[in-house]
Amino acid sequence: MTGLLDCNNFFVSCERVFNPRLRNRPVVVLSNNDGCIVALSNEAKALGLRRGNPLFQVKHICDREGVAVLSGNHRLYGDLSSRVMATVSETTGSAHVYSVDECFIDFGGWQGDDCVAAGRELVRKIRRATGIPTSLGIAPTKTLAKIASRFAKRYPAYRCVCIIDNEYRRRRALELTEAGDVWGIGRKLVKRLANYGITHAIHLADRPAEDVEKMLNITGVRTWKELNAIPCIDIDTIEGYGEDAPMQKQICCSRSFGSMISDRRQMSEAFALFATIITRRMRARNIAAAGLTVFIHTNRHREDLPSYFASAYRQLDQPTADTMTIAQAAESAMRSIFRPGYCYKRAGITITDLCDSRHIQQSLFADNADVERRKRLMATVDLINSSSLSHDRVHIASYMPIECVAKCEQRSPDFSTRMSDIIKVNTTHNGL
């Protein structure tokens, strides 16, 4: 049996852990630069608010209904996510992380009521250790476990744990699940399936194998098998996890600026930030890049300002994940396209020509000793930053703090990752 643990309204739950005033109150969390709603509480959903709503379009509803509007604090969310996953690992011995708020769990030989009891104990332990409410779906396959977790979250009678362990429960769950709610079926595929009269998961599961193979690709066939309780999805080979995961073709890091930038020095500092973020991701995945593209553009919504868009490519001497090398190449490319007199709203770096950093073809003219020293330097920087309460404790001098790039007017403190933001409890008694 496989379990799928899902943190309920994760971003909102993280905010409520440290701010009890937000409990039982409608809450929304915004995207970068406070543009759109990316997460919301059940109370906010009841008001008609939806994920993706631009804030300016629903601000009157938020003001009228007393909705708490918060800027996203992804450093806080990431830290609490790691604590949830650590609790799962300590309790079950396995936590295959799928996303920031989801992980798969191997329940091994557990069956029936024993499996449910173990699941409820895990949910209780996570809530006690982190304050985050979770839901758990248990089933023979990962796709069915995802469906079960939706029922565990939606219906209180399940007490946070739903299990699909027999044919009746499997068919009943599929009858109540729309095709668009099945893991792996996107909006385009929903429209195609509708042409065949497939609107719910049970319609797809009941189709003969030969029909499914004609209608869908290999991924769709795997989904069909999983709906019929035939395990065929390996977590180690999806979503970039595992040794056998396909190599990414490119990685992009970009931001919309909270305030438009017209100064070249500020733009250089922003690109140093992008280079720092993107190379940290590369080293975590053992990836190196042989080329990069930078781009800058103005605000397309400001018709009163002159418009400009440009990009530039730089080929590197040899594949690398070194922050300083990438930052230097990005700086050179940016300077070649930067034009004074424009107000830039967005910029970014896309790295291309990727390869495994453990198998790099060295350049004939490279100083291999220096390359090895830089690798050790980057490893040391990553170690220091990962062991500290800040991801940017050590960084290149031209680095611009991310808080200066994005607009986050309603951002909560970094309660669990910044010493200055730790909650202070006054225990002084009057007269003592």
*Looking at (1) touching a Leu at 6+ places or on another chain (Cβ under 6 Å); (2) outside any loop (DSSP other than H, G, I, E, B), which is the one condition that is false for residue 191?*
(1)
*Any residue in region 324-343 that's without any contact (Cβ under 8 Å) to a residue 40 or more places away in the chain: show its pairings with residues that are assigned to a loop (DSSP other than H, G, I, E, B) at Cβ separation under 9 Å, as long as the two are six or more apart or on different chains.*
339/308
_I need the full set of residues from region 159-183 which are among the aromatic types (Phe, Trp, Tyr) and either touching a Ser or Thr at 6+ places or on another chain (Cβ under 7 Å) or modelled with pLDDT under 90 (or both), in order please._
183
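Per-residue answers, yes or no, for (1) of a type in the set (Phe, Trp, Tyr); (2) outside any loop (DSSP other than H, G, I, E, B); (3) under 30 Å from residue 328 (Cα atoms); (4) at pLDDT 70 or above:
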position: 394; (1), (2), (3), (4): no, no, yes, yes
position: 397; (1), (2), (3), (4): no, no, yes, yes
position: 404; (1), (2), (3), (4): no, yes, yes, no
position: 428; (1), (2), (3), (4): no, no, no, no
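Quick one: count up the residues across region 172-210 that are charged (D, E, K, R), free of Cβ contacts under 8 Å to residues at least 12 places away in the same chain and either within 22 Å of residue 230 (Cβ to Cβ) or crowded, with 17+ Cβ neighbours inside 10 Å (or both).
Keep residues of region 172-210 that are charged (D, E, K, R), which gives 172, 175, 178, 181, 187-188, 191-192, 206-207, 210.
Keeping just the survivors that are free of Cβ contacts under 8 Å to residues at least 12 places away in the same chain gives 172, 187-188, 191, 206, 210.
Now restrict to residues that are either within 22 Å of residue 230 (Cβ to Cβ) or crowded, with 17+ Cβ neighbours inside 10 Å (or both): 172, 206, 210.
So the count comes out to 3.
Say whether the condition of being assigned to a strand (DSSP E or B), open to solvent by 20 Å² or more (accessible area, probe 1.4 Å), within 24 Å of residue 372 (Cβ to Cβ) and in contact with a strand residue (DSSP E or B) (Cβ under 8 Å, 6 or more places away or on another chain) is met by at least one residue in region 322-341.
no
Please enumerate the residues belonging to region 102-114 that are in contact (Cβ under 8 Å) with a residue 40 or more places away in the chain and either among the hydroxyl-bearing types (Ser, Thr, Tyr) or part of a helix (DSSP H, G or I) (or both).
Our first condition is that a residue be in contact (Cβ under 8 Å) with a residue 40 or more places away in the chain; within region 102-114, this holds for 102-108, 110-112.
Hit for region 102-114 is 112, nothing else.
If you go through region 95-144, how many residues are open to solvent by 10 Å² or more (accessible area, probe 1.4 Å), closer than 28 Å to residue 219 by Cβ and not aromatic (Phe, Trp, Tyr)?
Residues in region 95-144 being open to solvent by 10 Å² or more (accessible area, probe 1.4 Å), closer than 28 Å to residue 219 by Cβ and not aromatic (Phe, Trp, Tyr): 11 in total.
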_Hey, residue 70 crowded, with 19+ Cβ neighbours inside 10 Å, over 29 Å from residue 182 (Cβ atoms), under 23 Å from the mean Cα position of the chain (by Cα) and modelled with pLDDT of 90 or more or not_ = yes
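I'd like to verify a number: residues in region 145-171 that are open to solvent by 80 Å² or more (accessible area, probe 1.4 Å), under 28 Å from residue 220 (Cβ atoms) and hydroxyl-bearing (Ser, Thr, Tyr), how many?
First, pick out the residues of region 145-171 that are open to solvent by 80 Å² or more (accessible area, probe 1.4 Å): 150, 153-159, 167-169.
If we keep only those that are under 28 Å from residue 220 (Cβ atoms) as well, we get 150, 153-154, 167-169.
Those left that are additionally hydroxyl-bearing (Ser, Thr, Tyr): 168.
The number of residues fulfilling the criteria is 1.
Is it the case, given these coordinates, that residue 389 is under 28 Å from residue 322 (Cβ atoms) and either buried (at least 17 other Cβ atoms within 10 Å of the Cβ) or modelled with pLDDT under 70 (or both)?
Details: under 28 Å from residue 322 (Cβ atoms): yes; either buried (at least 17 other Cβ atoms within 10 Å of the Cβ) or modelled with pLDDT under 70 (or both): yes.
Against the criterion (under 28 Å from residue 322 (Cβ atoms) and either buried (at least 17 other Cβ atoms within 10 Å of the Cβ) or modelled with pLDDT under 70 (or both)), residue 389 qualifies.
I'd like the residue in region 16-56 that is among the small types (Gly, Ala, Ser) and open to solvent by less than 50 Å² (accessible area, probe 1.4 Å) and, out of all such residues, is modelled with the lowest pLDDT. Even if it seems obvious, please write down each step before you answer.
Let us first name the residues in region 16-56 that are among the small types (Gly, Ala, Ser), namely 31, 35, 39, 41, 44, 46, 48, 52.
Checking the rest, the ones that are also open to solvent by less than 50 Å² (accessible area, probe 1.4 Å) come to 31, 35, 39, 41, 44, 48, 52.
Values: 31: 82, 35: 79, 39: 91, 41: 93, 44: 93, 48: 91, 52: 88.
Restricting to residues being among the small types (Gly, Ala, Ser) and open to solvent by less than 50 Å² (accessible area, probe 1.4 Å), the top hit is 35.
Just to verify a result, which residue in region 342-371, among those that are at pLDDT 80 or above and open to solvent by 70 Å² or more (accessible area, probe 1.4 Å), is nearest to residue 289 (Cα to Cα)? Walk me through it before giving the result.
Initially, region 342-371 is screened for residues at pLDDT 80 or above, giving 342-356.
With the extra rule that they be open to solvent by 70 Å² or more (accessible area, probe 1.4 Å), the set shrinks to 346, 353.
Details: 346: 23, 353: 6 Å.
Applying the filter and picking the extreme gives 353.
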*Selection count where residues are at pLDDT below 90, surrounded by fewer than 19 Cβ atoms within 10 Å (Cβ to Cβ) and in contact with a Lys or Arg (Cβ under 9 Å, 6 or more places away or on another chain), scope region 284-313*: 5
*Taking interchain pairs and intrachain pairs at least six residues apart, which have beta carbon atoms under 7 angstrom, with the first residue in region 18-46 and free of Cβ contacts under 8 Å to residues at least 12 places away in the same chain and the second among the polar types (S, T, N, Q)?*
none
_Checking residue 132 against (1) outside any loop (DSSP other than H, G, I, E, B); (2) modelled with pLDDT of 90 or more: exactly one of these is not met. Which one?_
(1)
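The values are calculated or read from the model by the stated rules, or taken from the named source; none is laboratory data. Computed from a predicted structure; not experimentally measured. With ideal geometry, Cβ positions are generated from the backbone for all residues, glycine too; neighbour counts draw on all protein chains shown. Surface accessibility is based on the protein's heavy atoms, side chains included, excluding ligands, DNA and RNA. Shrake-Rupley method; radii C 1.70, N 1.55, O 1.52, S 1.80 Å.
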